Protein chains: 2
Amino acid sequence: MRPLKIAHVAPLATRVPPARSGSVQQMASLLTEGLVAQGHDVTLFAPGDSVTKAKLDAMTPRGYWHDETMWPWEMYELLHLAAAVERADAFDIIHVEAGYYPMSLAFTRLSRTPVSQTVHHAPGPAETTLWRRYPEAPFIAISQEQARLLAGLNVVDIVPHGIDTNRFAFRETPDDYLLFLGRFTPGKGPVQAIEAARRAGIRLLLAAAEEQYYREAVAPLVDGKEVVYVGEVDFEVKVRLYGGARALLYPVQAGEPFGLVLAEAMACGTPVAALDRGAVREVVDEGITGGVFADLDAMVAGLDAVMALDRRRVRERAVERFGVATMVDGYVRAFRTIIEQWRSR
Amino acid sequence: MRPLKIAHVAPLATRVPPARSGSVQQMASLLTEGLVAQGHDVTLFAPGDSVTKAKLDAMTPRGYWHDETMWPWEMYELLHLAAAVERADAFDIIHVEAGYYPMSLAFTRLSRTPVSQTVHHAPGPAETTLWRRYPEAPFIAISQEQARLLAGLNVVDIVPHGIDTNRFAFRETPDDYLLFLGRFTPGKGPVQAIEAARRAGIRLLLAAAEEQYYREAVAPLVDGKEVVYVGEVDFEVKVRLYGGARALLYPVQAGEPFGLVLAEAMACGTPVAALDRGAVREVVDEGITGGVFADLDAMVAGLDAVMALDRRRVRERAVERFGVATMVDGYVRAFRTIIEQWRSR
């Protein structure tokens, strides 16, 4: 099949790939480079300091996270989207990675080429009620859980997040600690992770940026011995932390549409112990890459079994399911479906 | 000349005309009804509870100020704009009253009919730097002051705000007080109004919604005798307050692009004493409708002369300059210029 001419629109917030945090940018980069590697003609719409093998169309030299005069950010994001749609004739498809909410919907009926979108959060009913003004607008869901939340919209395909498994080094023999990695919010369950680790009698390392919820609810539980806060970590340290952990604790309280840290930990060979919320069951293969538990009691009781899983097999399954190639193939399949739908309108 | 087919897009925030506050909605209503009265074919894009003689195209039954599930408001505003642009073929021109910032710019090159806009604030250089990505996008400025701030953009015409002078009853003989009316912000100068009134030895009434700045900086200066806070007032009370005032004090600290309360007070026959900032000099005819002063000392010294101005002549000048008919004529002239520019691209 002939290569596709693809406009891939990342947020204008920060460069692609991101210097530090920015999971949307990370995914945008992996997908862009993966599409280029497959021979597609990709134009990446992103800040000018992005690094890519695609053609780069940059409205501004850098992202609005780094320049407080670039305000309001919504205007930047919007005109950045418009810049891609204005070039619609040059592309077979426009795909938008929506960092916040899919402003791209506004162009659904004004573009001369299909505008499609991936959202990266778990949209609520108030949001999707509005979005259903455009029932034809193509969405690519990142999980069945998210597809369920997008009911009534044109969910063309479900393509799980990919990760660059080459960069997540496998480690056969871990150190003697458990790991919590993610933002300090009630929804991510850091307090529950501490409780589980204490009850299991295993040291817990917490890695995330210090936020208000950390100071209010988490810090009082940190003793520097059994519960250790290591701060916000960069990529290299993150990989080392994953690899050294006997298990990743993921006692998530609010439903998440994916769970990128699960895939990342697994790629390092580290099994995961997670609560059964949101997309967790889709990401974790029970008894192979981890355990999925109904509540914290069950998680504590099942932790030994999780830590006993074969780390090499954990890694292999992660590569198979969340490797970049799988994601890229999924997106190309989705793009071709969207173009087909558009032509047969 | 043949009547125009006009899409007039008000914000989706609250109904047109507004139930209480909402100067953008007020102007949108006056302009819409004035255009209809002149025989133009107008479609008003506004919340469903709006009241108009135009055709009403309502995306939602009411505005997002009144329903917290209508969030984020930017998505509502954006899809509301898109709804008008999607119907571009039905109109000679689309005109957008931008309540916050002109998201309409995103449609400049995607619409099949010209998209024009009026902004209602004083844009800063950071904003207009971004907007200049669309140097062809037609703006209608509300004052020379605002046109100056819009330098480098396609400012097609300058049309001052109109007010419904029939609703601002003239009063020949006022009571014995001065009036401050407007929001309690440092930029509006309520503290300076109090100082001026005290020094002049005349009672001051303050009318505005209670905000944080009121509690922090203004309330301690209110004694209930010489400085009286009357709260937020509805339209009828506002007109009575204007009419009863010997003068409106407008010691504005930050440059404003217009000054609607100046025109409203004048329409009631009440002269104004204002500081020389922003568009004040364009709205006030010195020695006829009020005085424009360099600083507060000059304002206090000149207050007697302002209060001595002929109230009937103040009213007449206000009707002449800020009557709805003048605004409507100005917009029709601007619309025809924009359509002409578009055709000769």
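The values are calculated or read from the model by the stated rules, or taken from the named source; none is laboratory data. A quick note: this is a predicted structure, and the numbers were derived from the prediction, not measured. Counting neighbours? That spans all protein chains shown, and the Cβs are built from the backbone with ideal geometry, glycine included. Each accessible area value is taken on the protein alone, full model and side chains, heavy atoms only, with ligands, DNA and RNA left out. Shrake-Rupley method; radii C 1.70, N 1.55, O 1.52, S 1.80 Å.
Taking H placed 1.01 Å from N in the peptide plane, check which residues at least 5 places from A:Gly182 or on another chain put their amide H under 5 Å from its amide H.
A:Ala207
If r is the Cβ-Cβ distance from B:Arg240 to B:Ser23 and R0 is 25 Å, what FRET efficiency results, to the nearest 0.05?
Efficiency at R0 = 25 Å is approximately 0.80.
Per DSSP H run of at least 4 residues, take -39500 (n - 2.57); add these up for chain A, divide by its residues and hand me the 222 nm value, nearest 500 deg cm²/dmol.
Taken over chain A, the calculation gives -10500 deg cm²/dmol.
Mind checking B:79-85 for the average number of partner chain beta-carbons within 10 Å of each residue's beta-carbon?
Working: counts 8, 2, 1, 9, 3, 0, 4.
Mean inter-chain Cβ contacts per residue within 10 Å come to 4.
From the P(r) of segment B:96-144, can you give the percent of Cα pairs sitting at distances over 18 Å?
Tail of the P(r) past 18 Å holds 22 percent of the pairs.
Using alpha carbons only, how many angstrom separate the centre of segment B:258-276 from the centre of segment A:162-225?
Rounded to whole Å, the Cα centres lie 62 Å apart.
Taking H placed 1.01 Å from N in the peptide plane, check which residues at least 5 places from A:Tyr177 or on another chain put their amide H under 5 Å from its amide H.
A:Arg246
Measuring from centroid to centroid over Cα atoms, what is the spacing of segment B:28-49 and segment B:92-125 in Å?
17
Show me, for segment B:161-173, the HN-Hα J-couplings you get by feeding each phi into the Karplus relation (A = 6.51, B = -1.76, C = 1.60, θ = phi - 60°), rounded to Hz, glycine and proline as x.
With coefficients 6.51, -1.76 and 1.60, one gets 3, x, 9, 7, 5, 5, 8, 9, 5, 6, 10, 6, 10 Hz.
Beyond 35 Å, how much of the Cα-Cα pair distribution for chain A remains, as a whole percent?
24
Name the residues whose placed amide hydrogens come within less than 5 Å of the amide hydrogen of A:Gly48, ignoring near sequence neighbours (fewer than 5 apart) on the same chain.
A:Thr60, A:Arg62
Rounded, prolate or oblate: pick one for segment A:252-345, where a ≥ b ≥ c are the square roots of the eigenvalues of its C-alpha gyration tensor, a/c under 1.5 means rounded, and failing that, prolate if a/b is larger than b/c, else oblate.
oblate
DSSP loop trypsin sites (Lys or Arg not before Pro) in segment B:28-102 with at most 13 other Cβ atoms within 10 Å of their Cβ, which ones?
Passing both the DSSP loop test and the Cβ count: B:Lys53.
Any idea how far apart A:Asp297 and A:Thr128 come out in nm if each label point goes 7 Å out from Cα toward Cβ?
Once both label points are built, they end up 3.2 nm from each other.
With the Cα gyration tensor of segment B:6-138 in hand, convert its eigenvalues to equivalent ellipsoid semi-axes via √(5λ) and list them largest first in whole Å.
Working: eigenvalues 90, 67, 41 Å².
For segment B:6-138, the semi-axes come out at 21, 18, 14 Å.
Would you mind computing, in nm to one decimal, how far apart the modelled labels at B:Thr326 and B:Arg198 are, each placed 7 Å from Cα along Cα→Cβ?
3.7
What distance in nm separates the two pseudo spin-label positions at A:Ala254 and B:Glu286, each 7 Å out from Cα along the beta-carbon direction?
5.7
Just how many % of Cα pairs in segment A:71-126 lie over 16 Å apart, if you round to the nearest whole percent?
Counting every Cα pair in segment A:71-126, those more than 16 Å apart make up 42 percent.
Calculate one ³J(HN,Hα) per residue across segment B:211-226 by plugging θ = phi - 60° into the Karplus curve 6.51 cos²θ - 1.76 cosθ + 1.60, and present them in order as whole Hz with x for glycine and proline.
10, 4, 5, 4, 5, 6, 10, 9, 3, x, 9, 8, 10, x, 10, 7
Using only protein heavy atoms and a 1.4 angstrom probe, determine the accessible area buried between B and A, summed over both sides, in Å² to the nearest 100.
2600
Binned at 5 Å from 0, what are the whole-percent values of the Cα-Cα distance distribution for segment B:157-292, short to long?
With 5 Å bins starting at 0, P(r) equals 2, 11, 21, 25, 23, 13, 5, 1, 0, 0.
Is the C-alpha gyration tensor of segment A:39-105 telling us rounded, prolate or oblate? Criteria: a/c under 1.5 is rounded; beyond that, a/b larger than b/c is prolate, otherwise oblate.
Judged from the Cα gyration tensor, segment A:39-105 comes out oblate (a/c at least 1.5, b/c at or above a/b).
Scan segment A:151-220 for GluC sites (Glu not before Pro) in coil per DSSP, keeping those whose Cβ has at most 15 other Cβ atoms within 10 Å, and list them by number.
Answer in residue order: A:Glu172, A:Glu210, A:Glu211.
Quick one: label points 7 angstrom along Cα→Cβ at A:Pro125, distances to the other copies in nm, smallest first?
5.0
For label points placed 7 Å from Cα toward Cβ, what is the shortest-first list of nm distances from A:Val228 to its copies?
Between copies, matching label points for A:Val228 lie 7.1 nm apart.
Would you mind classifying the protein assembly as shown by shape? Square roots of the alpha carbon gyration tensor eigenvalues, ordered a ≥ b ≥ c; an a/c under 1.5 is rounded, otherwise it is prolate if a/b is larger than b/c and oblate if not. Write out the running numbers ahead of the final one.
Numbers: a/c = 2.85, a/b = 1.77, b/c = 1.61.
In terms of gyration-tensor shape, prolate.
Sorted from shortest, what are the nm distances separating the label point of B:Met1 from equivalent points in the other copies, each placed 7 Å from Cα along Cα to C-beta?
5.3
Over chain B, calculate the relative contact order: mean separation of alpha carbon pairs under 8 Å at least 6 apart, over the residue count, as a percent.
14
Would you tell me the mean number of C-beta atoms belonging to other protein chains that fall within 10 Å of each C-beta in B:124-134, as a whole number? The partial results should precede the final answer.
Details: counts 2, 1, 6, 4, 0, 2, 9, 2, 0, 6, 2.
Averaged over the peptide's residues, the number is 3.
Given B:Leu262, B:Ala298, B:Gln117, which one lies farthest toward the positive end of the charge dipole of the protein assembly as shown, if we put +1 on the Cβ of every Lys and Arg and -1 on the Cβ of every Asp and Glu?
Most positive-ward Cα: B:Gln117.
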